[in-house]
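Data first, discussion second: the structure below is written as structure tokens.
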Amino acid sequence: MENGQLQVYTGDGKGKTTAALGLALRAAGAGLRVYIGQFMKAELTSEHAALRALSVEVEQFGSGKGLLIRRTADEDDLACARAGLKRVREAVTGGAFDVVIADEINCAMACGLLSEADLLALADARSESVELVFTGRGATEALVKRADLVTEMRLVRHYYRDKGLAARVGIEK
């Protein structure tokens, strides 16, 4: 693949990871090599089985201690995020992948597990042929300016918030 770009999917609406998974599906279908590093996640969900069937490599870098909106980040969270950053850097520089998705990396930054400088350095380190995607709420102005494509998901209505419905297998997880 030539002329890889930096894409950022951000905002308070649902669909950032889903959009990135759609890109992974399209890329895998075209024979591209895809890597997904999931920050702050430690639970296998329904998409993992489908991604394995498509030979998409997925790794998770979450402590498994629960959402950071309900607790304070600790050393385990920080270590997981640092390990994820290292592994994603290898994926964007090593030549083994055409598309690299850093899922929820913006959230890891917003929670203080990574810095804006970490994300900008990662974007700058990528091979020119690698398509790099950052997902998650809280993309900074500097990331938005650096990106070649930015999509902001805007919350209009959501059944989690509005009706108190839980995540459903096959739909949200």
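Data for the structure
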read-out: Failed item, numbered, when ALA42 is tested on (1) aliphatic (A, V, I, L, M); (2) in contact with a Ser or Thr (Cβ under 8 Å, 6 or more places away or on another chain); (3) under 25 Å from ALA125 (Cα atoms); value: (3)
read-out: Residue within the stretch 98-108 that is under 25 Å from SER55 (Cβ atoms), under 16 Å from the mean Cα position of the chain (by Cα) and in a loop (DSSP other than H, G, I, E, B) present; value: yes
read-out: Set ARG87, ARG137: member being assigned to a helix (DSSP H, G or I) and under 15 Å from the mean Cα position of the chain (by Cα); value: ARG87
read-out: Residue check for LEU54: within 23 Å of MET109 (Cβ to Cβ) and over 11 Å from the mean Cα position of the chain (by Cα); value: no
read-out: Criterion: in a loop (DSSP other than H, G, I, E, B), of a type outside the set (Ser, Thr, Tyr), touching a strand residue (DSSP E or B) at 6+ places or on another chain (Cβ under 8 Å) and surrounded by 20 or more Cβ atoms within 10 Å (Cβ to Cβ) - qualifying residue of LEU113, LEU119; value: LEU113
read-out: Residue in the stretch 140-157 that is surrounded by the most Cβ atoms within 10 Å (Cβ to Cβ), counting only those that are assigned to a helix (DSSP H, G or I) and out of contact with any strand residue (DSSP E or B) (no Cβ under 8 Å at 6 or more places or on another chain); value: ALA142
read-out: In the stretch 11-47, residue surrounded by the fewest Cβ atoms within 10 Å (Cβ to Cβ) [restricted to those that are of a type in the set (Val, Ile, Thr) and within 12 Å of ALA102 (Cβ to Cβ)]; value: THR17
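Since every read-out is calculated from the coordinates, none of them should be taken as a lab result. Bear in mind the structure is a predicted one, so any value in this text is a computation, not a measurement. Methodologically, a virtual Cβ is constructed for each residue, glycine included, from the backbone with ideal geometry; neighbour enumeration extends over all protein chains shown.
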